[in-house]
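> Just dropping this structure here.
The values are calculated or read from the model by the stated rules, or taken from the named source; none is laboratory data. All values reported here derive from a predicted model rather than from experimental measurement. Glycine also receives a Cβ, built like all others from the backbone with ideal geometry; neighbour counts cover every protein chain displayed. To get the accessible areas, we keep the full protein, side chains included, count just its heavy atoms, and leave off ligands, DNA and RNA. Shrake-Rupley method; radii C 1.70, N 1.55, O 1.52, S 1.80 Å.
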Amino acid sequence: MALRQKIIVLFLCIVLIPLNVLGMVTYYYFSKTLEDQTYRFTVQIIDQVNQNVNAYIEEMHRLSLLPLYDREVLAILQDHEDPTHYTFPKTDELERMSSFLSTLSYNRQELSGIHIMANDGSLFGNLGSPRSVHRMTNDVKDEWHQTLMVGDGRSLLLPTHNPSYLLAETDVFSVGRVIRDPESFNHLGMIKIDIQLTFIESLLEDVSLSEDPSISIIDNQGNLFFEKGKPVYRMLQNEGYIISDFVERESVVADGIAYLPVIRETPGGEVQTIVFLPEHKIFGASQSLRMFTLGLMAAATVLIIMLGLLAERRLTKPIFELRHHMALAEKGEFNHRIKTYSKDELGQLSVSFNHMMEQINELIARVYRTEIREKEAEIKALQSQMNPHFIYNTLEHINMMAITKREYEISDMVASLGKLIRYSIDQKTRFVPLKDELAFVESYVSIQQKRLEGQLTFSISVPEKLLTIKIPKLTIQPLLENAIEHGHIHGGIKGDICIKGWQEDGKCYIQVADSGQGMELEQLQRIRTKQQQFHDGNRIALANIAERLNLLLGEPYGLTVESERGVGTKVTICIPITL
């Protein structure tokens with residue numbers, strides 16, 4: 001993938017991914033909040049409706065107990081106790097029962113009627129003859145009659161039905177019970193309070209729910225009392241659902257539409273209310289938000305792509321120009337320069353490229369000059385190759401002449417000088433065994449003893465096991481020369497110079513100690529801090545030796561100096577056991 005494509009993809013990922021994630025999170029949060037608010041609002045309303053319905057039913061249960069406390073009503077029912085013999089109610093009985101029942105239904109517009117049925121089938125009500133029959137025969141008794149008989153005196157809630165004793169077809173739900181004699185507990189009849197469905201509708205008049213809700217009120221056995229809106233509960237019953245199958249806020253599908261059930265029941269109540277909320281109505285606003293979010297994200301994507309392309313062109317133009325000039329440089333054309341348009345990193349890169357081209361041109365010139373000098377040096381080297389051989393041959397000839405003339409001291413000095421020259425000129429190795437370095441020192445000492453005519457005595461004390469240790473070449477001889485020149489000759493002091501070695505803590509120590517004039521503390525301090533350098537003719541200073549050891553060996557190896565005025569100087573070098 002090209003750099004331009006990588007920049008565009010990276011730019012789009014950095015901008016579009018957070019934008020899309022933000023849009024999706026916002027949409028999800030809004031949808032979830034809307035669903036929660038709708039659910040809580042529906043729960044609050046339906047919970048109140050359910051409590052009101054249950055409270056009203058409880059009141060009707062208490063109302064059904066009142067005949068048991070009225071002696072006249074019980075006496076009338078006792079007169080019609082024989083189920084095999086029907087006696088038409090007397091006028092005063094009808095008036096007394098009508099007055100009693102009218103009192104119970106006073107100011108209760110929601111009641112469709114209150115009826116008391118005697119064992120012989122006599123029917124007493126508060127509605128009057130034009131609206132209901134006067135007698136309940138065995139062939140017109142409904143299912144509710146059998147339900148109340150099974151209840152045996154308990155007040156029962158009867159689901160929605162159409163009583164046959166009402167002349168007008170009206171759906172009601174009822175509360176009823178069997179009336180038993182308080183003393184003998186014999187069945188005297190039953191009371192039935194019929195409640196209009198408009199009562200529940202009146203409770204829902206001021207309820208504001210989402211569009212097209214389905215409201216169902218059922219008893220604890222799942223019997224339907226009331227249903228408003230689309231008959232979702234009835235459809236789900238036909239599909240085999242029962243009340244325990246419904247889980248709040250778990251979607252159910254009826255007639256191809258998904259609904260969210262909201263189920264509310266009152267503790268100790270006999271009915272519960274279920275509201276089925278259409279999901280597409282609840283999420284209608286969130287759908288609009290989703291479309292708006294998608295449209296906004298699409299527009300933002302197009303705008304971001306356009307901005308990305310524009311930014312990419314401005315960003316990559318200097319890069320491609322730099323690549324072009326680098327391609328020219330690869331071909332050996334180093335005279336081209338890049339124009340800088342900005343002071344950012346790309347502008348600095350262009351300046352660095354131009355500077356690099358200038359340095360390359362300068363280096364090329366230097367290389368040409370260096371090659372010329374190397375050629376000249378090679379010629380000089382060829383010319384000087386004969387010099388070492390000439391010196392060795394000359395010294396060998398002098399040695400042979402000294403031996404012929406029996407000048408053995410001269411012969412020894414010439415042999416030692418030849419060894420010194422041969423050891424010093426050999427530049428092939430940087431590290432040598434300690435025994436080779438000491439052999440070189442012995443040759444040097446041999447010459448110095450002849451030159452100084454016994455003014456100094458030399459001794460070398462190094463354990464044999466240390467002789468194979470590698471040491472930087474030409475390290476001990478400069479220290480020995482420094483001890484001779486500065487410790488003894490300059491002060492005219494005779495004495496001893498000792499070279500000794502030892503091993504301690506995994507390190508090897510070589511010490512050159514003289515008994516010369518020593519140094520003052522201030523001078524010693526300058527040497528230790530490398531502020532004093534000793535360049536005297538061809539001699540190598542202590543500071544240079546210390547610096548060379550540090551460069552070759554590193555920490556913690558190197559050189560230390562101890563000195564006392566009038567006592568002498570000790571120079572100790574520390575080297576590793578193995579190199």
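> Give a quick list of trypsin sites (Lys or Arg not before Pro) in the range 226-270 that DSSP marks as loop, anything other than H, G, I, E or B, with at most 16 other Cβ atoms within 10 Å.
Arg249
> Same structure, new question: Just to confirm my numbers, what's the Cα centroid distance between the range 427-479 and the range 37-107 in Å?
135 Å
> Then there's this: Out of these labelled values of Cα extents along the principal axes in Å, [x] 185, 65, 42; [y] 82, 47, 46; [z] 85, 52, 43, which was calculated from the coordinates shown here?
Entry [x].
> Hey, another quick one. List the pairs from Lys405/Lys473; Lys470/Lys494; Lys405/Lys500; Lys405/Lys494; Lys473/Lys507; Lys419/Lys570 whose alpha-carbon separation is above 29 Å, in the order I gave them.
Working: Lys405/Lys473 36 Å; Lys470/Lys494 33 Å; Lys405/Lys500 38 Å; Lys405/Lys494 33 Å; Lys473/Lys507 18 Å; Lys419/Lys570 27 Å.
The answer is Lys405/Lys473; Lys470/Lys494; Lys405/Lys500; Lys405/Lys494.
> Also: Which of rounded, prolate or oblate describes the range 146-215 when judged by the alpha-carbon gyration tensor and an a/c cut-off of 1.5? Can you show the working numbers first?
Values: a/c = 3.42, a/b = 2.38, b/c = 1.44.
Prolate.
> Could you name the aspartates and glutamates whose alpha carbon sits less than 16 Å from that of Lys465, not counting residues in the same chain fewer than 8 places away?
Hits, sequence-local ones excluded: Asp436, Glu437, Glu504, Asp505.
> Per residue, how large is the accessible surface of the chain? Use a 1.4 angstrom probe and give square angstrom.
On the way: 33780 Å² over 579 residues.
For the chain, the per-residue accessible area is 58 Å².
> What helices does the chain hold that run 30 Å or longer along their axis, going by alpha-carbon atoms, with a Kyte-Doolittle average of 0.5 or more, using DSSP H for the helix calls?
Helix filter hits for the chain: 284-330.
> So, one more: Let's test the formula: R0 of 60 Å, r as the Cβ-Cβ distance of Thr301 and Gln109. What FRET efficiency results, to the nearest 0.05? Kindly include the intermediate steps, with their values, before the conclusion.
Numbers: r = 64 Å, r/R0 = 1.06.
The value I calculate is 0.40.
> Over the chain, what is the relative contact order in percent, taking alpha-carbon pairs closer than 8 angstrom and at least six residues apart?
9 percent
> Just grab the label-to-label distance for Asp181 and Arg526, each label 7 Å out from Cα along the Cβ direction, in nm (one decimal).
Calculated label separation equals 14.5 nm.
> Can you find, among Asn126, Gly487, Val253, the residue sitting farthest towards the positive end of the charge dipole of the chain, where Lys and Arg contribute +1 and Asp and Glu -1 at Cβ?
The residue sitting most towards the positive pole is Gly487.
> Need one number: nm distance between label points at Ile360 and Ser342, each 7 Å from Cα along Cα→Cβ, rounded to one decimal.
Simple spin-label model gives 2.5 nm for this pair.
> For an R0 of 25 angstrom, estimate the FRET efficiency from the Cβ-Cβ distance between Glu201 and Asp245 and round to the nearest 0.05. Walk me through the numbers before you get to the answer.
On the way: r = 27 Å, r/R0 = 1.08.
About 0.40, to the nearest 0.05.
> Still on this model: What does the extension gain come out to for Leu22 and Val253, with contour length at 0.36 nm per residue minus their alpha carbon separation?
The Leu22-Val253 span can extend by a further 80.0 nm.
> So, taking all protein chains as they sit and a 1.4 Å probe, how much accessible area belongs to Leu111, in Å² rounded to tens?
Accessible area, nearest 10 Å²: 20 Å².
> Note down the nm distance, to one decimal, between modelled labels 7 Å out along Cα→Cβ at Ile391 and at Arg314.
With each label point 7 Å from Cα toward Cβ, the separation is 7.2 nm.
> Within the accessible area of the chain, what % is carbon and sulfur when the probe is 1.4 Å and the other protein chains stay in place?
Percent of accessible area from carbon and sulfur atoms in the chain: 54.
> A further question on this structure: How large is the charge dipole for the chain, taken about the Cα centre, if only the Cβ atoms of Lys, Arg (+1) and Asp, Glu (-1) carry charge, to the nearest 20 debye?
With Lys and Arg at +1 and Asp and Glu at -1, about 5200 debye.
> For the charge dipole of the chain, defined by +1 on Lys and Arg C-beta atoms and -1 on Asp and Glu C-beta atoms about the Cα centroid, which residue among Ala55, Ile421, Tyr86 has the Cα displaced farthest towards the positive pole?
Of the listed residues, the answer is Ile421.
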